[in-house]
Amino acid sequence: MSIIAENLQAVEATIGRAVDAAGRPRSTVQLLAVSKTFPAEAVLEAMAAGQRAFGENYLQEGIDKIEAVARAQPGAPVEWHFIGPIQSNKTRPIATHFHWVHSVERLKIAQRLSEQRPPELGPLNICLQVNISGEASKSGADPDELPELARQVAALPNLRLRGLMAIPERQAEPELQRQAFARLRALADSLRAEGLLLDTLSMGMSGDMEAAILEGATIVRIGSAIFGARHYAE
Ligand SMILES: *Cc1c(COP(=O)(O)O)cnc(C)c1O
């Protein structure tokens, strides 16, 4: 078995323990394999082991990989999620190549994605990224501005607002990890109470996926636990 297949099995076991501890069915948590910095061959290996959903942070790298995977495995069922920072002049290729975007934090970006989404592809699935760590984080919408932003994004025609995403400040202590994830869940609950139909909490990475699942994550975004340590060329 390849290392990636073995790692996927280990991650699956961790997810299994966490859903059991939370009393949730396994089917309520989707594993998003974060393949940023790894080549298309790594994605193909994960696909051979049964993985279907992949997350990318860097636009050009992501598009190159999407195209390489499509050439190697034409028609294979694969779902691409954009999870990185979005520049407003780069929205069109995101709207045309990806199935999901987790990192929307401004109305202007959402409007552009909606305008540029080819209607024949169906609505682009959107999560609003929220800053739940205050000063410790630069990215994500302010929780105070979230209700207004969510209402406006939910009204855009070619998007489907699915839920919220967060990257909390790194914490070693499981209790502190859970507190941050619980804040995101509470924000989603309050938006639902206002009538928004949200089914997604995108939270949890290699170091904190169990805490995230205990607090209701429906998508965990796992990179290094599947593909190994990242090396950034610089
Ligand atoms: C890189 C990244 C991940 C995966 O992180 P790991 O710690 O390697 O699991 C998840 N989400 C986002 C937004 C990322 O940028």
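In this structure, is K36 touching a strand residue (DSSP E or B) at 6+ places or on another chain (Cβ under 8 Å) and assigned to a loop (DSSP other than H, G, I, E, B)? Against the criterion (touching a strand residue (DSSP E or B) at 6+ places or on another chain (Cβ under 8 Å) and assigned to a loop (DSSP other than H, G, I, E, B)), K36 qualifies.
Each residue in the range 193-210 was checked for being more than 8 Å from the ligand (Cβ to nearest atom) and surrounded by fewer than 20 Cβ atoms within 10 Å (Cβ to Cβ), and 7 pass.
Can you work out which of the residues in the range 138-155 that are open to solvent by 30 Å² or more (accessible area, probe 1.4 Å) and outside any helix (DSSP H, G or I) is modelled with the lowest pLDDT?
First, the residues of the range 138-155 that are open to solvent by 30 Å² or more (accessible area, probe 1.4 Å): 138-139, 142-145, 147-148, 151-152, 154-155.
Retained after the next criterion (residues that are outside any helix (DSSP H, G or I)): 138-139, 142, 155.
Numbers: K138: 78, S139: 91, D142: 97, A155: 98.
Looking at the filtered set, the residue picked out is K138.
For every residue, the table says whether it meets (1) in contact (Cβ under 8 Å) with a residue 40 or more places away in the chain; (2) within 16 Å of the ligand (Cβ to nearest atom).
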| residue | (1), (2) |
| --- | --- |
| L124 | no, no |
| I132 | yes, yes |
| P143 | yes, no |
| R151 | yes, no |
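Among the residues of the range 61-89, the ones that are within 16 Å of the ligand (Cβ to nearest atom) and of a type outside the set (V, I, T) come to 10 in all. Scan the range 169-196 and report the pairs whose first residue is among the acidic types (D, E) and whose second residue is open to solvent by less than 90 Å² (accessible area, probe 1.4 Å) and at pLDDT below 95, with Cβ atoms within less than 8 Å and a gap of 6+ or a chain change. Going by the 8 Å Cβ cut-off, the qualifying pairs are E169/S133; E169/A136; E169/S137. Only one of the listed residues (E169, E215, E145, E210) is of a type in the set (D, E, K, R), over 23 Å from A21 (Cβ atoms) and touching a helix residue (DSSP H, G or I) at 6+ places or on another chain (Cβ under 8 Å). That residue is E169.
Tallying residues that are more than 8 Å from the ligand (Cβ to nearest atom) and touching a Ser or Thr at 6+ places or on another chain (Cβ under 6 Å) within the range 211-227 yields 2. For the range 132-169, what are the residues that are in contact with an Asp or Glu (Cβ under 8 Å, 6 or more places away or on another chain) and more than 16 Å from D189 (Cα to Cα)? If the condition is that a residue be in contact with an Asp or Glu (Cβ under 8 Å, 6 or more places away or on another chain) and more than 16 Å from D189 (Cα to Cα), then S133, A136, S137, S139, G140, A141, N158, P168 are the ones that fit.
Rundown of residues vs (1) in a helix (DSSP H, G or I); (2) touching a strand residue (DSSP E or B) at 6+ places or on another chain (Cβ under 8 Å), yes/no style:
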position: N7; (1), (2): yes, no
position: A10; (1), (2): yes, no
position: Q51; (1), (2): no, yes
position: D64; (1), (2): yes, no
position: A76; (1), (2): no, no
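Among the residues of the range 80-102, is there at least one that is over 25 Å from P157 (Cα atoms), open to solvent by less than 40 Å² (accessible area, probe 1.4 Å) and not in a helix (DSSP H, G or I)?
We begin by selecting, within the range 80-102, every residue over 25 Å from P157 (Cα atoms); these are none.
Checked against the condition, which is being over 25 Å from P157 (Cα atoms), open to solvent by less than 40 Å² (accessible area, probe 1.4 Å) and not in a helix (DSSP H, G or I), the range 80-102 yields no hits at all.
The values are calculated or read from the model by the stated rules, or taken from the named source; none is laboratory data. Predicted, not measured: the structure shown is a model, and the values here were computed from it. Note that we place each Cβ from the backbone using ideal geometry, even for glycine, and neighbour counts take in every protein chain shown. Side chains included, ligands, DNA and RNA excluded: accessible areas come from the protein's heavy atoms. Shrake-Rupley method; radii C 1.70, N 1.55, O 1.52, S 1.80 Å.
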